[in-house]
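Here the structure is laid out as structure tokens; the discussion comes afterwards.
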Amino acid sequence: MFSFNVELIFKIYLLLFVCNFTDNATASANCRPAEYSTEEGCCPTCPPGMYVSRHCNQSRSTSCASCKEGTFQDGDNGREQCFSCQHCDAGLGLKVKKSCSSTSDAVCGVLDGFFCSDSNGGGCRAAQTHTVCSPGQYIDQTGTADKDIECLHCTDGTFSNGTSSSCQNHTKCESVGLKLMKPGTDSTDSECGEHGPHRGLERRHVTGIMPGVILVMALMALIIGGYLVWLLCVKCCVFLVVCLVVSSSPPENNQLQSCSTLQPR
């Protein structure tokens with residue numbers, strides 16, 4: 001008898017619970033557009049920029065409070081807290097395009113040199129740096145805030161350092177009167193030089209010899225000049241000796257001439 005009463009009570013409780021749940025679900029489905037459902041039934045929503053601080057009941061209406069700084073609500077709502085504003089982090093390549101307010105979220109744009117990789121309602125949630133083209137490539141499409149840079153490889157006979165919008169033709173050394181010293185690559189131009197394998201060597205050889213030639217000529221000039229001065233001194237000394245000898249000797253047969261008539265040769 002006791003077990004029968006317990007089972008009966010449990011069935012009655014379960015039936016009441018199901019009925020109450022059904023009534024609440026029905027009430028939620030029957031809430032008007034400007035209302036939201038609670039355990040008590042339907043309550044008036046809060047306006048944009050505010051959140052529900054206390055739900056309504058049979059004796060009072062919904063109590064609303066303003067969103068705090070850094071949060072927002074962009075429509076009528078029955079939420080008990082506001083959404084957090086999006087942070088535009090410069091370290092991630094983002095900048096503030098539109099500031100956050102109590103009724104709308106912040107809108108982020110991208111910094112120069114970045115493009116948006118995850119867009120959101122006219123804004124951007126994530127950005128990436130523009131690709132840098134490598135030497136041997138050229139910029140086929142300039143990067144924008146929405147698109148990355150597109151790089152393409154140079155074809156044969158052309159080159160680029162990766163920063164130009166097109167590849168340049170290799171210099172044809174023969175067409176400018178020069179000899180090809182090193183062929184060009186996709187990242188460097190051809191290297192040209194003068195014709196003749198010894199022309200450059202001869203020029204360097206002549207340039208290196210000239211100082212030596214000048215020095216030898218200067219030494220020869222000094223030697224020759226010194227020799228001439230020495231020879232002149234010797235002649236003068238001989239002349240003086242002869243004059244002294246002649247002056248000290250007695251005249252013979254009046255054949256001797258005076259020193260004044262002697263001339264050095």
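Data table
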read-out: Selection count, the stretch 125-141, where residues are under 16 Å from the mean Cα position of the chain (by Cα) and over 20 Å from Phe159 (Cβ atoms); value: 3
read-out: Selection count where residues are in a loop (DSSP other than H, G, I, E, B) and under 22 Å from the mean Cα position of the chain (by Cα), scope the stretch 148-175; value: 11
read-out: Cβ pairs under 6 Å, 6+ apart, first in the stretch 168-195 and exposed (fewer than 13 other Cβ atoms within 10 Å of the Cβ), second acidic (Asp, Glu); value: Met181/Glu191; Lys182/Glu191
read-out: Filtered residues of the stretch 92-119 (kept if farther than 22 Å from Gly70 by Cβ and over 25 Å from the mean Cα position of the chain (by Cα)); value: Ser119
read-out: Residue under evaluation Glu69, criteria (1) in a loop (DSSP other than H, G, I, E, B); (2) surrounded by 14 or more Cβ atoms within 10 Å (Cβ to Cβ), criterion not met; value: (2)
read-out: From the options Asp112, Asp23, residue that is charged (D, E, K, R) and either closer than 30 Å to Thr142 by Cα or at pLDDT 95 or above (or both); value: Asp112
read-out: Selection from the stretch 130-158 of residues that are surrounded by 14 or more Cβ atoms within 10 Å (Cβ to Cβ) and β-branched (Val, Ile, Thr); value: Thr131, Ile139, Ile149, Thr158
read-out: Conditions (1) more than 20 Å from Ala106 (Cα to Cα); (2) surrounded by fewer than 16 Cβ atoms within 10 Å (Cβ to Cβ); (3) in contact (Cβ under 8 Å) with a residue 12 or more places away in the chain; number of the one not met by Gly122; value: (1)
read-out: Spans of strands (runs of 3 or more DSSP E) in the stretch 96-147 with at least 1 residues in contact with a Cys (Cβ under 6 Å, 6 or more places away or on another chain) and farther than 16 Å from Gln86 by Cα; value: 137-141
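The values are calculated or read from the model by the stated rules, or taken from the named source; none is laboratory data. Fair warning: this is a prediction, and the values are worked out from it, not measured in the lab. Positions of Cβ are generated from backbone atoms using ideal geometry, with glycine treated the same way; all protein chains shown enter the neighbour counts.
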